[in-house]
Amino acid sequence: MNTTRKSFIATAICVAATVAGHTWAQTPAPAAAPVTAPDYAPSEGQAGKDVIWLPTALSLANLMLEMAKVTPKDHVIDLGSGDGRLVITAAKRGATAHGIEYNPDLVELSKRNAQAEGVSSRATFEKADIFESDFSKATVITLFLLPDLNMRLRPTLLDMKPGTRIVSNSFGMGDWQPDETQRVVEGCQTYCEAYKWTVPAKVAGTWRLGGGQELVLEQTFQMLDGTLRRGGQSTPVTDARMDGARISFTAGGARYTGEVKGSGIRGKVDGAIDWKATRAR
C-alpha cells in the first residue's frame, strides 16, 4: 500500500470515529438519565415488560392492606407498583412501603405522587425487575400479576420468613390455597377480588416430644397431616395447619397449639398443659 493511500485510510478512520461521537483515545460519555415529562400520564392497558398496566382500584388497595393487617411496624413491598397507589396507601397507614416497577416513567410518576401526598419519606420506588430483586426483608408483599408470574414467584415467596403476608389482586398461586378471600363491590368495576396467604414455617418431618412421643408431620403449604406416636401406637393428627410460625392440631382428643422457632416448638395442650418438641429429622 502506498504512503498516500495509507494517509487517506488513517484520515477516514479518524473522521468516522469523530462522527461516532468520540475518538479512539476518548472514554465514552455516560448516557444521560431518562427524563420523564412532568405531565406524563399512563394509559390503562398500556404494554409493560410482563403484563399490561391496569391500576388497582383504591377500594381494593385498602381492602388488601386491611387483609394483611398492615401497621406502622410493617415493611410493605409492592411487586409491579405501577403509579404507586398501593405503596402510597400503605405509607398513609404509617407503614414503610417500597415499590418495584420496571417502567421508569411509572417510577418517576410514583415519586411525584408520593411527594404530592406528603409520604415520600415512607414511600420509595425503584426501577427494577421483580424477578431479579431482593424483597426478603418485607413483612407484607402485594402484587397484581398474572397467574404464571405468581407461580414463578411462588418458590421465592415460600422461602420468606414465616408469617410474611402476601396479598394478590385477583390472581392465585396455583394449588397453594389462600387463607382468606374477599371482594369489594363499591368503587371497583373489574379485578375486585383479593387473596391472602401467610408464609408457613416448614415443619415436615419428625419431632420428638417428651415421654418418648414422636410427632410425624407431612406438609402441603399451610396444611398438615401426620401421626402422634408413642411406643407401638399411632394416633392420627387432624385439623392440623400452620398460620405463619403458629402450629395447631388435634390428636387423641386433645388440642395442641404452639409456635415454631428454629428446630423447636413450644406451646399448650388444651390451652393449659405445656408441651414442647425438638426436630429429629
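The values are calculated or read from the model by the stated rules, or taken from the named source; none is laboratory data. Everything numeric in this text was worked out from a predicted model, so none of it was measured. Neighbour counts run over all protein chains shown; Cβ positions are idealised from the backbone, glycine included.
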Which pairs have Cβ atoms under 8 Å, sit 6 or more apart or on different chains, and link a residue in the range 222-239 that is within 16 Å of TRP207 (Cα to Cα) to one that is acidic (Asp, Glu)?
LEU224/GLU218; ASP225/GLU218; GLY226/GLU218; LEU228/GLU214; ARG229/GLU214; ARG230/GLU214; VAL237/ASP225
Residues in the range 158-174: is at least one among the aliphatic types (A, V, I, L, M) and modelled with pLDDT under 95?
no
Search result, residues across the range 243-281 that are farther than 20 Å from GLY212 by Cβ and either touching a residue at least 60 places away in the same chain (Cβ under 8 Å) or loosely packed, with under 13 Cβ neighbours inside 10 Å (or both)
ASP243, GLY244, ALA245, VAL260, LYS261, GLY262, ASP270, GLY271, ALA272
State all residues of the range 185-232 that are within 29 Å of LEU157 (Cα to Cα), touching a strand residue (DSSP E or B) at 6+ places or on another chain (Cβ under 8 Å), outside any strand (DSSP E or B) and not aromatic (Phe, Trp, Tyr); if no residue qualifies, say none.
CYS192, VAL199, PRO200, ALA201, LYS202, VAL203, ALA204, GLN222
Give the residues of the range 65-87 that are aliphatic (A, V, I, L, M) and touching a Leu at 6+ places or on another chain (Cβ under 7 Å), sorted by residue number.
LEU79
Condition first: of a type in the set (Val, Ile, Thr) and touching a Phe, Trp or Tyr at 6+ places or on another chain (Cβ under 7 Å). Now tell me which residues in the range 101-135 satisfy that.
VAL107
For the range 138-184, how many residues meet the condition of being in contact with a Phe, Trp or Tyr (Cβ under 6 Å, 6 or more places away or on another chain), in a strand (DSSP E or B) and hydroxyl-bearing (Ser, Thr, Tyr)?
2
Would you confirm, using the coordinates I've provided, whether ASP239 is exposed (fewer than 13 other Cβ atoms within 10 Å of the Cβ) and either touching a strand residue (DSSP E or B) at 6+ places or on another chain (Cβ under 9 Å) or not in a strand (DSSP E or B) (or both)?
yes
ALA114 passes all but one of (1) more than 15 Å from the chain's Cα centre (by Cα); (2) surrounded by fewer than 20 Cβ atoms within 10 Å (Cβ to Cβ); which number fails?
(2)
Between a first residue in the range 79-106 that is within 16 Å of PRO42 (Cβ to Cβ) and a second residue that is of a type in the set (Lys, Arg) and not in a loop (DSSP other than H, G, I, E, B), which pairs have beta carbons less than 9 Å apart while being 6 or more apart in sequence or on different chains?
GLY84/LYS111; GLY84/ARG112; GLU101/LYS127; TYR102/LYS127; ASN103/LYS127; PRO104/LYS127; LEU106/LYS127
Considering residues of the range 175-218 that are of a type in the set (Asp, Glu) and not assigned by TED's automatic domain parsing to the domain that holds SER136 only, the residue farthest from the chain's Cα centre (by Cα):
GLU214
